[in-house]
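Just below is one structure, and these are the notes that go with it.
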Amino acid sequence: MPGIGKPSPDEAIGSPRGTFVERVTAWSVLHRKTAIGGWFALVLVALLASVLVTGSEALTTDPGESGRAQDVLRSQQTDEPVHENVLIQPREADSRTRFSSAEIQAAVDDMVRTLKRESESVTDIRSPLDKGNESLLSEDGRSGLVTFEVAGPDEELGLHSETAWKSINAVQDRHKNVWVGQAGDMSTRAAVDNAYDDDFQRSEVISLPLTLIILLIVFGALIAASVPLLLSITAVLSALGFLQALGHVIPINSTVSSVVLLIGMAVGVDYSLFYLRREREERQRGRDFKEALRVTARTSGHAVVLSGVTVMLCLSGLYLTGMDVFRGLAVGTSIVVGLTVIGSMTVLPALLSVLGHRVDKGRIPWLGRRRTAAGESRVWAAVARAVVRRPLAWGGVALLALLAVAVPALDMRLQDPSVTDSMPHTNPAVETVARMDKAFPGDPSPARLVVWGDKVGDPAVRQAVDSLRERAADTDGQIGTSITSTKVGDALVVKVPLAGSGTDKTSNAALETLREDLLPPTLGKVDGIEYAVNGQTAQPYDFTKTLKDTTPLVLAFVLAVAFILLLVSFRSLAVPVISIVLNLLSITAAYGAVTWVFQDGHLSSLLDFTPYGGVTSWLPLFMFVLLFGLSMDYHIFILSRIRERRLAGEEPKTAVVSGIATSAGVVTSAAVIMVAVFSIFVTLSAIEYKMLGVGMALAILIDATVVRGVLLPAVMSVLGENTWALPRWMQWLPGRRTEAAVSQPVPAPGHTEPSVPVHRGEDESLSAPRSQG
């Protein structure tokens, strides 16, 4: 006989009859001090790991031929010289002032003298006024370049670059009527990186208070709103700590941390919402606190785990690209999602058990009363009822609407933006690059031809480079003739100017001409050497080509994983097919919107960008993988609610309406937070992150409204009971056949079963005595 106040073992959520999620949740509640302490210990370990794990960071390697050239240069004992350019020209673009004017030549002389005084920081200074440097003068006779190299060694490059930058600014201050701007290997990259960092820091500052405000509106209570935020922040901190430590082994892109923060906040709040709203709903229906937690663990807890596993497995598909940038994103986002799932099973229920009914403390006067009632959404219930009455009509209209939005995606052109396309020209470095590219086409970002091998020092190599220069003259301007070469260790780096902006069709065509037509009959004829082309044109070109080759494999993997997970979880053949098709519809609609806005240039003034005629190459695949995982949250949560109603004996159409209506509150709240978080990306300066923000926010919005409210009930209404059918030959599949706990009668409102307060003592069972109906 069980003791007083303690139910028998088979009544407990942690009994063998409970699911894995129930057993973990039960342990966390019964050992809440250990669960809470262990979670914060994990956060501490992660933060310590980020500090204690030292060493050089793993370097990202570009794909294809660019990566081979990169590896060769990294293997040299001597680093490639850091070249910088100072553009000097009339300040006004329409000015008739020539470079030969006294005012501009005085600025050039001042620049050269100032740089020479910094001999420890700057070397190899070249002036366009010196004989033999005619290539440093533009063809229109209005602009000139003063070039120099930043002195090493490596550990002092940053300091020396800063010294040169201050000197250049001092010259600019002394010559107000002349444009003086710096752009080069280090300065341009540093300026862009700093702009990215500033943007992401601003987005991080915005995301936290914005999320808290939305949570306060959702829950109407300060404590309840703080719990999701606490889980999200601690999960993100842990993920960033582990990511910092792993960065010494796995190449991690510099923007991964910011993406992890925003995605971690969105997912953490989403999962907490699923859990908290269900727990509150069960209490308001009359269950006591322990029984409410038991049902929540079995329903929403199971949905959260399934959603998180789906997201992580979908993201793992990025590994199949073989590209470091995607691997880093996959690792970072998978870590934060995995930690959030673990936290939802452990520290979240433990905190709720400690707080008990105090979770509703801190009511916001004008929100608290309105937000305490659990039940169906009248609006979404009305929409769902209208849809199930005429599913073909409503479903057809919604389908046509999404297809219309998706049409522009048929003309999507994958093209990475150049620096001047990506960032606003209000950035001085970006404006300098734009001016330099116009005055000296191809010179700011030439192709880097890396040559290595036993015979790299032979005269035949120099002759081949001379032959390359002669052939470049016959390319109608595709390849520039101002070809220079520099010895870097045992390798030779030949810089070849390419026409175009660096990433447009003109530059890509020039790169193909260089690789396919000019190099084989020149350097390709020299024995004992190898060569590969790198540079700001070759890197995105090879990236896009590799992406196109591997995308079908990633798509097939993600679709297969999602299908198998949903098939096993719901033991239905139709459910995974419906979910996959509806996800594809929302994603393609988002693709169409991104193409219409950014490639075609609509809403450019509102969103503050300049269209460049393409969509960044990494966006479609990253959006597909991430959206496919995240949008499954809503489908799994809604389908779980509908299945509960069906197993409780409701008719198929009634179950669809009530399932959608009862899940509407949490899905809408989660979608609002997700859309708000991703909309922050639209405020960033870089156009590729604006694309990501618009695409992700719109896809989530479509998924939570048109797909959830119209297409899903329409399809399920047409299929009826066949929605949950599993062919006889597939009955061997593992999975849960029943949901006994959720089909039990719910106590009448206001009735509270006797129980010991959960926030006292550590040995009470999580479940109340079972109903006998």
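Data table
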item	result
Of all residues in the range 125-143 being acidic (Asp, Glu) and without any contact (Cβ under 8 Å) to a residue 40 or more places away in the chain, the one that is farthest from residue 82 (Cα to Cα)	139
Counted residues, the range 161-183 - those being in contact with a helix residue (DSSP H, G or I) (Cβ under 9 Å, 6 or more places away or on another chain) and either among the hydrophobic types (A, V, I, L, M, F, W, C) or in contact (Cβ under 8 Å) with a residue 12 or more places away in the chain (or both)	16
Among (1) touching a Pro at 6+ places or on another chain (Cβ under 6 Å); (2) of a type outside the set (S, T, N, Q); (3) open to solvent by 20 Å² or more (accessible area, probe 1.4 Å) - the single one residue 687 does not satisfy	(3)
Residues being surrounded by fewer than 19 Cβ atoms within 10 Å (Cβ to Cβ) and on the phi > 0 side of the Ramachandran plot - total across the range 565-589	0
Residue match in the range 596-610 (condition: in contact with an Asp or Glu (Cβ under 8 Å, 6 or more places away or on another chain) and either open to solvent by 40 Å² or more (accessible area, probe 1.4 Å) or farther than 16 Å from residue 695 by Cα (or both))	yes
Subset tally (residues that are open to solvent by 40 Å² or more (accessible area, probe 1.4 Å) and in contact with a Gly (Cβ under 6 Å, 6 or more places away or on another chain)) for the range 115-137	1
Complete set of residues in the range 143-170 that are modelled with pLDDT under 85 and open to solvent by 20 Å² or more (accessible area, probe 1.4 Å)	152, 153, 154, 155, 156, 157, 158
Given (1) more than 25 Å from residue 62 (Cβ to Cβ); (2) open to solvent by less than 10 Å² (accessible area, probe 1.4 Å), index of the condition residue 281 fails	(2)
Filtered residues of the range 386-425 (kept if exposed (fewer than 14 other Cβ atoms within 10 Å of the Cβ) and in contact with a strand residue (DSSP E or B) (Cβ under 7 Å, 6 or more places away or on another chain))	413
In the range 97-126, the residues that are among the polar types (S, T, N, Q) and at pLDDT 90 or above	114
Count of the range 490-520 residues which are farther than 17 Å from residue 438 by Cα, open to solvent by 10 Å² or more (accessible area, probe 1.4 Å), in a loop (DSSP other than H, G, I, E, B) and touching a residue at least 12 places away in the same chain (Cβ under 8 Å)	1
Any chance residue 289 is over 19 Å from residue 565 (Cα atoms), aromatic (Phe, Trp, Tyr), touching a Gly at 6+ places or on another chain (Cβ under 7 Å) and touching a residue at least 12 places away in the same chain (Cβ under 8 Å)	yes
Matching residues in the range 22-76 - criterion: being of a type in the set (A, V, I, L, M, F, W, C) and outside any helix (DSSP H, G or I)	53, 58, 59
Total residues in the range 476-495, condition within 29 Å of residue 615 (Cα to Cα) and out of contact with any helix residue (DSSP H, G or I) (no Cβ under 6 Å at 6 or more places or on another chain)	4
Residue that is assigned to a strand (DSSP E or B), among the charged types (D, E, K, R) and within 23 Å of residue 431 (Cα to Cα), where the choices are 92, 84, 103	84
Residue under evaluation residue 551, criteria (1) among the polar types (S, T, N, Q); (2) buried (at least 20 other Cβ atoms within 10 Å of the Cβ); (3) more than 30 Å from residue 491 (Cα to Cα), criterion not met	(2)
Among residues of the range 402-456, those that are part of a helix (DSSP H, G or I), closer than 14 Å to residue 536 by Cβ, more than 29 Å from the chain's Cα centre (by Cα) and of a type outside the set (D, E, K, R), counted	1
Residue tally, condition assigned to a helix (DSSP H, G or I) and either surrounded by 22 or more Cβ atoms within 10 Å (Cβ to Cβ) or at positive phi (or both), over the range 243-255	1
Sole residue being touching a Phe, Trp or Tyr at 6+ places or on another chain (Cβ under 6 Å) and farther than 20 Å from residue 448 by Cα, chosen from 597, 558, 581	558
Residue in the range 83-92 that is touching a strand residue (DSSP E or B) at 6+ places or on another chain (Cβ under 9 Å) and loosely packed, with under 12 Cβ neighbours inside 10 Å present	yes
Residues being modelled with pLDDT of 90 or more and either of a type in the set (S, T, N, Q) or touching a strand residue (DSSP E or B) at 6+ places or on another chain (Cβ under 8 Å) (or both) - total across the range 659-700	1
Check on residue 108, under 21 Å from residue 482 (Cβ atoms) and either without any contact (Cβ under 8 Å) to a residue 60 or more places away in the chain or acidic (Asp, Glu) (or both)	yes
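The values are calculated or read from the model by the stated rules, or taken from the named source; none is laboratory data. Model, not experiment: these values are computed from the prediction. Glycine also receives a Cβ, built like all others from the backbone with ideal geometry; neighbour counts cover every protein chain displayed. For the accessible areas, the whole protein counts, side chains as well, though only heavy atoms, and no ligand, DNA or RNA atoms are used. Shrake-Rupley method; radii C 1.70, N 1.55, O 1.52, S 1.80 Å.
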